[in-house]
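Note sheet for the following structure.
FYI, it's all coordinate maths here, none of it is from the lab. For clarity, every value in this text was computed on a predicted model and none was experimentally measured. Don't worry about glycine lacking a Cβ; one is built from the backbone with ideal geometry, like all the others, and counts go over all protein chains shown.
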C-alpha cells in the first residue's frame, strides 16, 4: 500500500458540502431570472455573464455574512458584470473597424416577439444604461427600490430618479410610435 494513501483519500468538509447544496438550490431557483436580467440589461452573452456570477459567488461563499442574502449578492454581481462587459465592448468598438454587416435578429427571435414587445425592447435599448438597469430591476425583476439601490450600488433617491426618467423616456418613445 502506498504511504501517501491517507493523503489521497478525499475527506469532504461539511462546510464545502453545505456550500455546494446552497449553490445548487440558488442555481435551480434563480438561473432563469438572472439570465433574463443580463439579457435585458444588454449583455451580448448573458449565459457567460450568469456563469461568471455563479463562479464569483462560489469563490466568495465563505465571506458572505448572511447566506440568505446570496440572491441579492448574485443579482448585484450580474448587474456589475453586465455593466463592465458593456463598457469593455464600447471601448473595443471604438478602436476597431466598423463591422461589415449589422447584427440582425434571427427569424425565430422576430417571430416570437409581438410588435409591441419589439417596440418596448427597442425603446429600452435606447435608454441610458442606468435608466435601463433601474427599469429592468424594478419592472421585470419586481425588486423594491432598496434592493435596486443595492444591486446598482447607488442611493435609493438615485434609483427613483433613474426609474422616473426612464419611464418618461419610454412613454415618449412609445407615444411617438402611435
Suppose R0 equals 41 Å. What FRET efficiency, 1/(1 + (r/R0)^6) with r the Cβ-Cβ distance, do residue 165 and residue 107 give to the nearest 0.05?
0.75
Projected-area mean, region 107-178, by convex hull of Cα positions, square nanometres:
5.2 nm²
At 7 Å along Cα-to-Cβ for each site, give me the label-to-label distance between residue 158 and residue 32 in nm.
3.3 nm
With viscosity set to 0.692 mPa s at 37 °C, what whole-number translational diffusion coefficient in µm²/s follows for region 13-103 from Stokes-Einstein and a Kirkwood radius over Cα pairs?
227 µm²/s
Listed highest first by mean packing, meaning other Cβ atoms within 10 Å per residue, what order do 30-39, 56-65 come in?
30-39, 56-65
How far, in nm, would the chain grow between residue 90 and residue 71 when pulled straight, counting 0.36 nm per residue and subtracting the alpha carbon separation?
4.0 nm
